[in-house]
Amino acid sequence: DQQVKQNSPSLSVQEGRISILNCDYTNSMFDYFLWYKKYPAEGPTFLISISSIKDKNEDGRFTVFLNKSAKHLSLHIVPSQPGDSAVYFCAACGSSNTGKLIFGQGTTLQVKP
Amino acid sequence: SAVISQKPSRDICQRGTSLTIQCQVDSQVTMMFWYRQQPGQSLTLIATANQGSEATYESGFVIDKFPISRPNLTFSTLTVSNMSPEDSSIYLCSVEGWYGTDTQYFGPGTRLTVL
C-alpha cells in the first residue's frame, strides 16, 4: 500500500520557468510533510517542509502548498535553474509515528538551459 | 543541521558475507535511523537505532538480517548479514533535527553491490 505517491516519474522544464512537482497521500494521520532533493551518489538533502496547520510555506525559490482536503501537496520552484536537476522526494509522517518518514517514489526533474 | 558521515561509501561483496556500515554524527542526536533505497525505488525505513537498547525494526526487517548497534549519541552501525544480490541497495543513515520537528537529515549513503 503506497501511502505517499508521486505519480510523475519525470518532469522537464526550461530554465527560468516554474517547476511544479506533485505528491498525493492517503493517510489522514500524516501531519508533517517534507521535500528532499537527491543527486546521484549523494544522500537526500532536505529542502522544505510544511505542517498540516499551514497551507503554504515559502523559502526562497521553493514554495510548498498543502491541500489537506485533497490530500495533496506540491513543490513549486521558481525560477528553475539547471542546478535544480535532481530527483525530488516528498515524504510524510504523523505524530503517532515519531521519526518514521514515508517516502514517495520520486520525480526526476530536468531543467534545460 | 548535523554533519553526517558514512563508511564505506561503497562496496562490492560476495554472496553469503556480511558488511557493517558505520554512521558518525558530529553532534549528539537523540534519534538515528537506517533506510534502504533499492535500485529505482524509494527510501524505506529499516529501523530506528535506539541508544542503549535494541533497535526498533519496521515490518519486513529483522534483527538477524540487519543487526544495529547504537553505543552512544553520535554513532551507529548497521550490518547486512548473509548477503544476497537482493540486498544490493543504497543504505542511508539519518538523524532527526532540532527538538520539535520531524525533519531528518541524511548521510551520504553506502552503495552496496552483492555479487
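The values are calculated or read from the model by the stated rules, or taken from the named source; none is laboratory data. Treat the numbers as computed from the prediction; the structure is a model and nothing was measured. For neighbour counting, all protein chains shown are included, and Cβ atoms are generated from backbone atoms with ideal geometry for every residue, glycine included. The accessibility values were calculated without ligands, DNA or RNA, using every heavy atom of the protein model including side chains. Shrake-Rupley method; radii C 1.70, N 1.55, O 1.52, S 1.80 Å.
Details
- Residue check for B:THR17: at pLDDT 95 or above, in a loop (DSSP other than H, G, I, E, B) and over 27 Å from A:GLN105 (Cα atoms): yes
- Pair list, Cβ under 9 Å, 6 or more apart: region A:82-95 residue polar (S, T, N, Q), other residue open to solvent by 10 Å² or more (accessible area, probe 1.4 Å): A:SER85/A:TYR39; A:SER85/A:THR108; A:SER85/A:GLN110; A:SER85/A:LYS112; A:SER95/A:MET29; A:SER95/A:ASP31; A:SER95/A:TYR32; A:SER95/B:ASP102
- Residue under evaluation A:ALA41, criteria (1) surrounded by fewer than 16 Cβ atoms within 10 Å (Cβ to Cβ); (2) of a type in the set (Gly, Ala, Ser); (3) assigned to a strand (DSSP E or B); (4) within 11 Å of chain B (Cβ to nearest Cβ), criterion not met: (3)
- Residue in region A:1-8 that is within 13 Å of another protein chain (Cβ to nearest Cβ), assigned to a strand (DSSP E or B), farther than 19 Å from B:GLN104 by Cα and at pLDDT 95 or above present: yes
Results for (1) at pLDDT below 95; (2) exposed (fewer than 13 other Cβ atoms within 10 Å of the Cβ); (3) touching an Asp or Glu at 6+ places or on another chain (Cβ under 9 Å); (4) of a type in the set (Val, Ile, Thr), shown as yes or no for each residue.
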| site | (1), (2), (3), (4) |
| --- | --- |
| A:LYS71 | no, no, yes, no |
| A:SER74 | no, no, no, no |
| A:PRO79 | no, no, yes, no |
| A:GLY83 | no, yes, no, no |
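- Qualifying residue in region B:64-83 (condition: more than 14 Å from every other protein chain (Cβ to nearest Cβ) and in contact with a Gly (Cβ under 8 Å, 6 or more places away or on another chain)): yes
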